[in-house]
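Sharing a structure with you now.
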Amino acid sequence: MGVPLAYSNEKRRTKPLSCLSWMLISVLFLLALCILFVPRYFNSSNTEEKKHAVANLFLRRCANAIERFRVDVGRYPNEDEGLSSLVAAPAAISSRWRGPYLDELPRDPWSGCYSYRTSHNDGRISIVSYGEDGVPSADDLKFFGPSP
């Protein structure tokens, strides 16, 4: 008989990795990637950029609604009517009002209200979000519409 395998000079053959082993390695690799890259995605500066993007999106959406209001009514809302005239018809113009132009008036991403103004000089409209600090300042997000 031959020499037992333990004492032979033949190389031992290793078993290939099983499917379960490959899945475990893959999960560990994905977990390592998540640990490295997910915190970068959720950092505070990125969140602030997202809030600005949401506020700017609403400003454009509101500007489109105001333009549809102007087409139907023949003028922009005045300051007394404000943005609420995009949701419910003001009594003075209810026959020409074809809204609602917006489903609701959401608050800005910092839980503040959007401000609507008309310029007394040229009648130009503006919609403003006062941002995180909630007071008029240089970092406010603004939309200026065309002069009527």
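Condition (residue is closer than 25 Å to Val135 by Cβ, modelled with pLDDT under 75, hydroxyl-bearing (Ser, Thr, Tyr) and loosely packed, with under 10 Cβ neighbours inside 10 Å) applied to the stretch 40-59: is it met by at least one residue?
Checked the stretch 40-59: at least one residue is closer than 25 Å to Val135 by Cβ, modelled with pLDDT under 75, hydroxyl-bearing (Ser, Thr, Tyr) and loosely packed, with under 10 Cβ neighbours inside 10 Å.
Can you name the number of the only condition in (1) assigned to a loop (DSSP other than H, G, I, E, B); (2) closer than 15 Å to Ile125 by Cβ; (3) touching a residue at least 24 places away in the same chain (Cβ under 8 Å) that Glu81 fails?
(3)
Would you say Gly82 is out of contact with any Leu (no Cβ under 8 Å at 6 or more places or on another chain), on the phi > 0 side of the Ramachandran plot and buried (at least 16 other Cβ atoms within 10 Å of the Cβ)? Write out each step before concluding.
Values: out of contact with any Leu (no Cβ under 8 Å at 6 or more places or on another chain): yes; on the phi > 0 side of the Ramachandran plot: yes; buried (at least 16 other Cβ atoms within 10 Å of the Cβ): yes.
Answer is yes for this residue.
Here's a check for you: in the stretch 120-143, which residue that is part of a strand (DSSP E or B) and among the β-branched types (Val, Ile, Thr) is farthest from Glu49 (Cα to Cα)? First the steps, then the outcome.
Of all residues in the stretch 120-143, those part of a strand (DSSP E or B) come to 125-129, 141-143.
From what's left, among the β-branched types (Val, Ile, Thr): 125, 127-128.
Details: Ile125: 25, Ile127: 19, Val128: 17 Å.
Here the residue is Ile125.
Now, a different point. Identify, from the list Arg98, Arg68, the residue that is assigned to a loop (DSSP other than H, G, I, E, B), of a type outside the set (Gly, Ala, Ser), modelled with pLDDT of 85 or more and surrounded by 10 or more Cβ atoms within 10 Å (Cβ to Cβ).
Numbers: Arg68 fails: assigned to a loop (DSSP other than H, G, I, E, B).
Exactly one residue qualifies, and that residue is Arg98.
If you check Ser126, Ser137, Ser85, which single one turns out to be small (Gly, Ala, Ser) and at pLDDT 85 or above?
Values: Ser126 fails: at pLDDT 85 or above; Ser137 fails: at pLDDT 85 or above.
Going through Ser126, Ser137, Ser85 in turn, the sole match is Ser85.
The values are calculated or read from the model by the stated rules, or taken from the named source; none is laboratory data. For clarity, every value in this text was computed on a predicted model and none was experimentally measured. FYI the Cβ positions are ideal-geometry reconstructions off the backbone, even for glycines, and counts take in every protein chain you see.
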